[in-house]
Every structure is written in C-alpha cells, then in structure tokens.
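The values are calculated or read from the model by the stated rules, or taken from the named source; none is laboratory data. Bear in mind that the values here come from a model prediction, so they are computed numbers and not experimental data. Neighbour counts run over all protein chains shown; Cβ positions are idealised from the backbone, glycine included. Accessible surface areas use protein heavy atoms only, side chains included; no ligands, DNA or RNA. Shrake-Rupley method; radii C 1.70, N 1.55, O 1.52, S 1.80 Å.
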Amino acid sequence: MTTTATAPLLQVEDLRVAFGAKTVVEGVSFSIAPGEKLALVGESGSGKTVTALALLQLLHDARVQGRALLYDDREPRDLLALPERQMRALRGDQIAMIFQEPMTALNPLMTVGEQIAEVLRLKRAMTTAQSAQEAIELLAKTGIPEPARRAGAYPHQLSGGQRQRAMIAMALACAPKLLLADEPTTALDVSLRGQILDLLEELRREAGMAVLLITHDLQLVRRFADRVAVMQQGRLVEQCATAQLFNAPQHPYTQKLMASRPERLLDEHAAAVPGHAPALAAQGLRVSYPVPLPGIRGWFRKGAFVALHGADFAIARGRTLGVIGESGSGKSTLAQAALGLLPPPQVGGQVAVAGQPWQGRPAADRPLRRVVQVVFQDPFSSLSPRLTIDEIVGEGLRVHAPEVPPPERAARVRRALADVGLTEGDFPGLLARYPHEFSGGQRQRIALARALIVQPELLVLDEPTSALDVTIQKQVLALLQQFQRERGLAYLLITHDVAVVRAMAHEVIVLKDGEVVEAGSAAQVLGAPRHPYTQHLLAAA
C-alpha cells in the first residue's frame, strides 16, 4: 500500500483500548489530513486523552487493538504495531504531544530552558549554545514574559499558565507533522489563549502541521477547528464540520454539550450576611519575593521582586469577589497571601480572615485553617498520590473535628463526594481508589469535596473549573452558588474565565503586573469597563 496525494496524514481504524476487563475506548475511527485541525471533544472520562496516548504507545498495562496508520514519505506505518525504538524516533519529531498537566509532565529537577534545549539537541543535533538560544526564542514565541529569565526557572517557579506555555514550546521545538494537543490552553488566560491558537495556526500554514485538539472548551473549538469528533463513554457519536456541528448538532449528547453554559443563579443584589466581620479583608496588601542580584552584590544581599502592590479589598459573608488578570499578574500570589501560606517577611499590609489576622505560627493559625479552605488549579499535584480518596476527603475532619467517630466520618465523606457528582454507583470502590485512577475533571471534583467537608466560611477558588468539561463545570458552579445561598459562604474566585466570573461574582478586581487597575461591582466592571486592560481582557474573551 502506497501513499497518494489524497491520502490522510493519520488514519485511525477501529481503535479499542481496555484496562483489564474494562473497555474505555471502543471502535473509534477517524482520519486527519495534512494541515487539518480536528477537535476531539466530550466530557471528562469519555476517552479523549486515552485515545491520544494510545497513538503514541504511552499507555501502560492497557490492551490496545485496531490500526493507526501514519502516512509520510515512506510506506504507511501502523503506530500501534511499531517497536519501541521506532516509536521513540517518531515521538517529538513526526508526532508531538502537549500534555494536560504540565506540572507532572515537566522534570522538576531541570530548568524549563534545559528541557526544551534537550529536545533540540536530541532531535535536531544542535549544539549546547544553539539549543539554549533556540529554547529562549521558542518561549518568546509562546508569549511568555522575559523568556531569557524564565528559561532559567524551574517548573515550580512558574505560574500554571507559564508552565503550560513551556510545554507548548517543547512540543513545537521540532515542527512536528502532527500535534496532539491535550487541553493546550486550559491554564492560559483568554488573551494568551488566542495567542497560542494564532501560533498553532501559523505553524500549520508554514509547515503543514496537522492538529488533533483535545478539549472541553467549545468556544476554542468554534474558533480553531476544521472538523469536530464528539466522544461519549469511549465511542464517537458524531463527526462533522465545525460549522455544521454548532449550527445543527444531531446527537442528543452533542446537543447537551452545546446547551451547557455557566449560569448565574445568584441574586445580583443579594445582601451580605449581617452581623459578622468580613470573611476576608485586606488593606495595603503587598507581597515580594527575594531574587538574586547580579554581580558581586548578590554575594551579600538579595533583591526583591514585588508580585503584588498595595491591594485593598473585602469579601462579606455570602458574597463572591472575582479576581481576573493574565497569567503572572499576581492572582495566585494574592490567593496565597489570603490563605496565610507566605512567610511574614514577604507580606506587607494587613490580611484578616473573619476578623482575625494570620499570625505566621502553625499552632496559632490552626483555627483559621478550618474557616478558610482552598481548591487549587492543578488537582493532580494538590492531591496526595499515596492517600486513598477516603483519606484525602476525610483528612480535614480528622484534623479539625477529631471527635467525629469513624462511621460518621465515612458517611460525611460519601455525602461530600456525592454533592460534587461522585458516587459508589458510578465508581465502584470509590473510597479505596487513588487520585491517578480518575480523570483530570474527576480529580478536581475530589479536591472540591475535600474543601467543603469541613464546612468553611470562606473558600479560595484558584481556577476551580479550568480542568472541568462544560457540563461538569455548570454542575459545580451551580453547586457552589447553592452552598453560598444556603450557608452564607464567601468565595475568593481567581480565574481567567470571564464566563465563570459573570456567573459567580458580585464584585470584581482586575490585576495587571501585580497592581489592581480596576475594581467595582461585577455589573460595572464586566458591563462597562473603564481601564483599557480590562477592555482588552473582555474583548479577548
């Protein structure tokens, strides 16, 4: 069999993937033409990522059947049947992948520049100096600020969005013919999301690169993809051109996805819970980090990088403050200060939770740890891989309510998990499972259950729905709003998703380079923004 001018770049035929007795991908067939952009969409756990990983033989202990024919300058090769040595040569060169969770995909012991340069040396035979310079240029292409400085940073020193951009730079280093992009813009703000799409489109035009985009972001699909394939429970239920899918979806499941949008269920003019101090208040909040000084000065003292400049805000009980801004604007720094996670020398100004300031001493701050809980952006790194789901969700009760007997604690754990859509009926043996046995969206729901089980008064939500598909996002946001109505919870909502802010926030502050450039009611800031930067963010959304 030989390739022709009309042959696809990749032809997947009857792909089936099973783990033990459980089949997770069943009879999936699709093709991608050279330079084509195909979006694979569906709810969390539908088999999208497993399909992509199977194509690169990156699944362990899985039974994979079917064919995946790659057409290039030679005879078509079946990716599922190639020996490991040949697959290793293809990975990163002919086919590259952007993984969903950069914190687990990046090497924590190497700087991001070194990791990108390593690909260039191995695949393109560059010298050390050439690869280091090219790594900086690739980082600059993805829009990362100060690329030369960021190239020398380790993954934990970058924000979630910056780590994702480093992953994208690494995947694009060898200009592959096919890019498997698994949620490539999940951690990016709206303006950078557009920038990354423009970059992928530019590479597609220049090199004829095809893209398999795996995402739950339907607006991203509408803007970027030529065709769409919809997955439900391991099966493809609909495939067609993007315009046709959005104008006239045929399958009931596709129609359900299209109808899932964040909804505002809160009263715009709801009064704060009276008779209480603000759930969170800050005056002149300033956060700085020590940085080395160049030259001989660095031997004797360190400089300071100011990540947050004099922020003032307050969140009343029963209200939500939304914080928006681009990646690196200081949003997560503000959250860390609100949670009392930064050492006192780095924090200036005043921060009080329920009228009580953080003391900077574990024993003194423990009572406040129950009052304020957090849902982090990256559920994989925030959940211990060594603890079961029962231990993870119940840990807060063991620390803050040790008097609760084990049977009651187990019942509360089950109830908290059911509240976020995880039950024993859908996941047999749920409490005895570990985080790696769940998809990204399911892990985020576990993180939310862990935060809610101790009945906090303030919840810090750091990109709480960035890993969730549209239907689960709608469910979780509705649940959060329900809890706010019933329990008077206050939320500090940090996100780059303007639709989530519209659905959730009563007040909004906008951060740029660590400074609050605009603040006010959600109706004013989102409906009639005054600052050019806010206008830019809303236009990009």
Original post:
Out of the residues in region 400-440 that are in contact (Cβ under 8 Å) with a residue 12 or more places away in the chain and either loosely packed, with under 14 Cβ neighbours inside 10 Å or of a type in the set (D, E, K, R) (or both), which is nearest to LYS48 (Cα to Cα)?
Top reply: HIS436
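Considering region 443-465 alone, what residues qualify as being among the polar types (S, T, N, Q) and open to solvent by 20 Å² or more (accessible area, probe 1.4 Å)?
As a first pass, look at region 443-465 and keep what is among the polar types (S, T, N, Q): 444, 455, 465.
The one that is among the polar types (S, T, N, Q) and open to solvent by 20 Å² or more (accessible area, probe 1.4 Å): GLN455.
Rundown of residues vs (1) in a helix (DSSP H, G or I); (2) aromatic (Phe, Trp, Tyr); (3) open to solvent by less than 20 Å² (accessible area, probe 1.4 Å); (4) under 20 Å from ARG222 (Cα atoms), yes/no style:
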{"position": "ARG150", "(1), (2), (3), (4)": "yes, no, no, no"}
{"position": "ALA153", "(1), (2), (3), (4)": "no, no, yes, no"}
{"position": "GLN162", "(1), (2), (3), (4)": "yes, no, yes, no"}
{"position": "ARG165", "(1), (2), (3), (4)": "yes, no, yes, no"}
{"position": "ALA169", "(1), (2), (3), (4)": "yes, no, yes, no"}
{"position": "ALA175", "(1), (2), (3), (4)": "no, no, no, no"}
{"position": "ALA181", "(1), (2), (3), (4)": "no, no, yes, yes"}
{"position": "LEU192", "(1), (2), (3), (4)": "yes, no, yes, yes"}
{"position": "LEU199", "(1), (2), (3), (4)": "yes, no, yes, yes"}
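This table checks each residue for (1) open to solvent by 80 Å² or more (accessible area, probe 1.4 Å); (2) touching a residue at least 60 places away in the same chain (Cβ under 8 Å).
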site: GLY349; (1), (2): no, yes
site: ALA352; (1), (2): no, yes
site: PRO362; (1), (2): yes, no
site: VAL371; (1), (2): no, yes
site: ASP390; (1), (2): no, no
site: GLY396; (1), (2): no, no
**OP:** Name every residue in region 319-344 that is touching a helix residue (DSSP H, G or I) at 6+ places or on another chain (Cβ under 6 Å) and small (Gly, Ala, Ser), in order of residue number.
**Re:** GLY322, GLY325, SER327, GLY340
Original post:
Which of the helices (runs of 4 or more DSSP H) contained wholly in region 382-462 include at least 3 residues that are β-branched (Val, Ile, Thr) and more than 25 Å from VAL501 (Cβ to Cβ)?
Top reply: 389-400
Original post:
Tell me, which strands (runs of 3 or more DSSP E) lie completely within region 25-144 with 2 or more residues that are free of Cβ contacts under 8 Å to residues at least 60 places away in the same chain?
Top reply: 63-70
**OP:** Sort out which residues of region 466-476 are surrounded by 22 or more Cβ atoms within 10 Å (Cβ to Cβ) and closer than 13 Å to VAL501 by Cα, and write them in order of number.
**Re:** SER466, GLN473
Original post:
Out of (1) assigned to a loop (DSSP other than H, G, I, E, B); (2) open to solvent by less than 30 Å² (accessible area, probe 1.4 Å), what's the single condition that is false for GLY328?
Top reply: (2)
